[in-house]
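Enquirer: I am attaching a structure below and will ask some questions about it afterwards.
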Amino acid sequence: MKNARQLLEKELKAALAELADLEKRLEVKGDYGLGIGDPNIIQWELNLALRDRVARKVEDIKKALERLDKGEYGVCEACGKPIEEGRLELLPYTTLCSKCAQLRR
Ligand SMILES: [Zn+2]
């Protein structure tokens, strides 16, 4: 993919902004112990789960950029075959081809 770096850097920027936003929201913690099932606490927990997911995505994107530098980008980490172009367009930071990704699920 020709514009992989551009795409990855854009994704990284968006993911980092999302992460910062979630961190900010996580600073405001609902008062635990007061009523289980409080919507504020549920929202807080959702944000926490989301934060972990976005943090993982940031790591994946950084890894993909490193692989780009090493000339390994677009190669499946598991089987060493090229990752499908269409898959990279949808998930520019993926490290697995669709076959291997399915096997890991
Ligand atoms: Zn593979």
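Bear in mind these aren't lab numbers, they're just calculated from the coordinates by the rules spelled out. Being a predicted model, the structure only gives us computed values, none of them experimental. All Cβ positions, even for glycine, are placed from backbone atoms using ideal geometry, and neighbour counts span all protein chains on display.
Enquirer: Restricting the search to segment 64-86, which residues are within 16 Å of the ligand (Cβ to nearest atom) and under 14 Å from residue 8 (Cα atoms)?
Expert: Those that are within 16 Å of the ligand (Cβ to nearest atom) and under 14 Å from residue 8 (Cα atoms): 64, 67, 73, 74.
Enquirer: Suppose the filter is out of contact with any Cys (no Cβ under 7 Å at 6 or more places or on another chain) and without any contact (Cβ under 8 Å) to a residue 60 or more places away in the chain; does residue 81 pass it?
Expert: no
Enquirer: May I pose another question? Test residue 72 against the criterion of being part of a loop (DSSP other than H, G, I, E, B) and not polar (S, T, N, Q), and give yes or no.
Expert: Yes; evaluated as a whole, the condition is true for this residue.
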